[in-house]
């Protein structure tokens, strides 16, 4: 057998690793900023670009797509070549992939801060950037499959199974969730409305966690844990069973983000049950990772990289146990909309994604630079400070989340809410927010220690751009399954067939859940009194989305006595049919707004209250933690855009009358004038063309339609 | 409950199986090596396998409860109705007990004002200011009232609301005793001179 000589490209691995570190700092610092903003309103600096509703999406997008994304590509570009004994398929594709992805990140940060957003969590980027993501993702896949097809090994290793599943699923999720009708260069309305939009969004959102934060990291774990420890993988059979069960089951679990919402019961039940069935497949990954270290525990004691892997994989096990727990309706009744969820995701993000990434970087950089790590001691310090940071981060949020939920639900013996003022339940949390910010600070310090250590390591070493390697050429193999081969073993040497099987596995759940929601009318019963938004309200809604109000306010009254007492009638699916996008929200830092406009309701406020409150919430209530929005009273409504918006809505099936776009501006002005007049009567002088007027109009429309039942009166 | 799958995968597909020195477990197959990484031929941990089976059984039972039996504890419309009925029954008893207790031990004027202040700070402060000086809502400290300054006038406003001005009805948020307490507190604010008072609104009210 003749050995072929070739080399591995280390440049892209190095580039992605550096990008991981740079964006890691950016994402974590943004996280720290919002951790302070949430309990110190002045930290929003009174500027639209630095206010929580815009900075929070920057944090989440930076951490998920920039930090974790680049970490995934680092791992893939390094391990793929070595596991397949071949050079990466195309240097040009690598370059397009790298620079394309970094440009997308920069574009994302700029547009999000400037207020261009689709209003769908973790999918906030507007349509031109969505298209760019699709293109770069295809380039990545092309490069990956090109490499796989020119391999010198007969079979593909479990890491690569996970990479394949990641690639195809993220492509499917991203494309279908991002479908939208553009209104202008940086504004679009999502194709789906209300409950359907919510279902698609959380099918995407949950599986972004599954296939962006989990499966590629399992691939990473399967490569780096055995590599660093020098131990064989615990069980090949477990790899097979947990891989297929994980990717098949995960895709069904999205509706658990919508328990006790207007989503039909059958979908909620699928969300719950498939989450419960996910425990064992998830733990299969954890067990295979941890038990691989059997016989290497003495090394774990000395090697900070392995320590990070152990805590990271354990954090994975913890959050994948907690996830199903939160999917029980009885637990979710408490946890949903509180900080408990935030604590939960950070166990995964800081523990699993963070520590695995750090471990990989500490191990990888010295190898790329043909040297040793500058300081193992500092890496150890990083390990401890990060672990401690996670504890200080998560524990107060668990306590705070449960406390707040119990306060929301507490009744007096004679049947009144014990804490009718929402703010009272917020003020309780301030100390918890402060401790969380301390935990976050520790974690950021750890990250900075890593940067110092790595810079020193790089300075001491010399970069090996082309790493020489040799391997025998791949012998031609039987096209069909041989007698001695198991079916899976056969599949492992047929990567395209593998891709097709994985695609089928991940499509089933989505198809079963999404399609009937469109085709079967009883899933979303029509309410005849629900009408489209007026042009002014539509503009107001766009401002609501632009300012990221959904980051702190929900629009979903859940069917609990404690919620109908506080907010009014619980939300019905038929109320949201003109909502492109849906704005249910996922966290109540402030109160629910679904019934804000109901005049006979529990939380109605006059126009003048809203006006004063937007400009200075602390004037209305000292303890409020809402940021000030003074620019709303200065900036003018983009009235010119109205006809285009109406046209786009009509295209999406919203029943405005024929040629309404011609009349829309007049209607908008008339409604705005009447609000300005009402404000004037309350002593507030303002022009009627200001954004604040549109937002007030939207507030006063929220939840109103369902109580307009003229035919019954 | 040994599955066929395991046996299937167990089939040795290579003759020279080696053994991991540390754990004495066989490696899986001879060519199972990727960039130096080998894989062991361990079976699935039995407890994990059974945990998986249990979750599947539990899940399908749950789905059956919903789809076939439309169980009261899963269909949320029914759940909600149940919760409301239970609460209604409970509060009726509690309200009777409460009023009996109140009748037995009436509060002193100071206690009434203190209780009223607690309610005021939770409920009224947002619109009427911390000291009753008025904000969006009118000033409580001057002698001018839009809807009258007698206790029964205040009661009517609190119970029915003045919706066109943004004052909602608090009938469903405060019980009658609490409403009386907060009225007493609001009236006690008369003549206090808080900072930043809102200009008088309505008519001067003369006690008779």
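Tabulated data
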| read-out | value |
| --- | --- |
| Given (1) facing chain A (nearest Cβ under 9 Å); (2) surrounded by 13 or more Cβ atoms within 10 Å (Cβ to Cβ), number of the condition residue B:78 does not satisfy | (1) |
| Qualifying positions in segment A:384-422 - within 14 Å of chain B (Cβ to nearest Cβ) and either under 19 Å from residue A:316 (Cα atoms) or in contact with a strand residue (DSSP E or B) (Cβ under 8 Å, 6 or more places away or on another chain) (or both) | A:410, A:411, A:417, A:418 |
| Some residue of segment A:425-440 being in a helix (DSSP H, G or I), surrounded by 18 or more Cβ atoms within 10 Å (Cβ to Cβ) and within 14 Å of chain B (Cβ to nearest Cβ) | yes |
| Hey, residue A:164 out of contact with any strand residue (DSSP E or B) (no Cβ under 8 Å at 6 or more places or on another chain) and either closer than 17 Å to residue A:87 by Cα or within 14 Å of chain B (Cβ to nearest Cβ) (or both) or not | no |
| Residue within segment A:488-497 that is in contact with a strand residue (DSSP E or B) (Cβ under 7 Å, 6 or more places away or on another chain), more than 14 Å from chain B (Cβ to nearest Cβ), under 23 Å from residue A:148 (Cβ atoms) and not in a loop (DSSP other than H, G, I, E, B) present | no |
| Residue in segment A:573-585 that is in contact with a strand residue (DSSP E or B) (Cβ under 9 Å, 6 or more places away or on another chain), surrounded by fewer than 23 Cβ atoms within 10 Å (Cβ to Cβ), modelled with pLDDT of 95 or more and not in a strand (DSSP E or B) present | yes |
| Index of the failed condition, residue A:162 passing every other in (1) out of contact with any helix residue (DSSP H, G or I) (no Cβ under 6 Å at 6 or more places or on another chain); (2) part of a helix (DSSP H, G or I); (3) surrounded by 20 or more Cβ atoms within 10 Å (Cβ to Cβ) | (1) |
| Qualifying residue in segment A:660-672 (condition: under 30 Å from residue B:130 (Cα atoms) and either buried (at least 18 other Cβ atoms within 10 Å of the Cβ) or at pLDDT 95 or above (or both)) | no |
| Flag for residue A:548 being under 22 Å from the mean Cα position of the chain (by Cα), farther than 18 Å from residue A:583 by Cα and buried (at least 19 other Cβ atoms within 10 Å of the Cβ) | no |
| Test for residue A:153: is it more than 14 Å from chain B (Cβ to nearest Cβ) and either over 24 Å from residue A:23 (Cα atoms) or at pLDDT 95 or above (or both) | no |
| Segment B:94-123 - residue that is out of contact with any helix residue (DSSP H, G or I) (no Cβ under 7 Å at 6 or more places or on another chain), more than 9 Å from chain A (Cβ to nearest Cβ) and at pLDDT 85 or above and, of those, nearest to residue A:428 (Cα to Cα) | B:118 |
| Complete set of residues in segment A:551-570 that are within 18 Å of residue A:120 (Cβ to Cβ) and part of a loop (DSSP other than H, G, I, E, B) | A:552, A:553, A:554, A:555, A:556 |
| Condition check for residue B:65: facing another protein chain (nearest Cβ under 9 Å) and not in a strand (DSSP E or B) | yes |
| Candidate set from segment A:614-643 (those that are touching a strand residue (DSSP E or B) at 6+ places or on another chain (Cβ under 8 Å) and in a loop (DSSP other than H, G, I, E, B)); member that is farthest from residue A:663 (Cα to Cα) | A:634 |
| Sole exception among (1) over 32 Å from the mean Cα position of the chain (by Cα); (2) over 20 Å from residue A:247 (Cα atoms) for residue A:438, by number | (1) |
| Residue A:211 within 14 Å of chain B (Cβ to nearest Cβ), assigned to a helix (DSSP H, G or I) and either modelled with pLDDT under 95 or buried (at least 22 other Cβ atoms within 10 Å of the Cβ) (or both) | no |
| Hits in segment A:585-607 (condition: under 22 Å from residue A:546 (Cα atoms) and at the interface with chain B (Cβ under 10 Å from one of its Cβ atoms)) | A:607 |
| Test set (1) surrounded by fewer than 24 Cβ atoms within 10 Å (Cβ to Cβ); (2) in contact (Cβ under 8 Å) with a residue 12 or more places away in the chain - residue A:106 fails condition number | (2) |
| Some residue of segment A:115-135 being in a helix (DSSP H, G or I) and free of Cβ contacts under 8 Å to residues at least 24 places away in the same chain | yes |
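The values are calculated or read from the model by the stated rules, or taken from the named source; none is laboratory data. Here the structure is a predicted model, which is why all the values come from computation and not from measurement. So basically every Cβ, Gly included, is an ideal-geometry build from the backbone, and we count neighbours across all protein chains shown.
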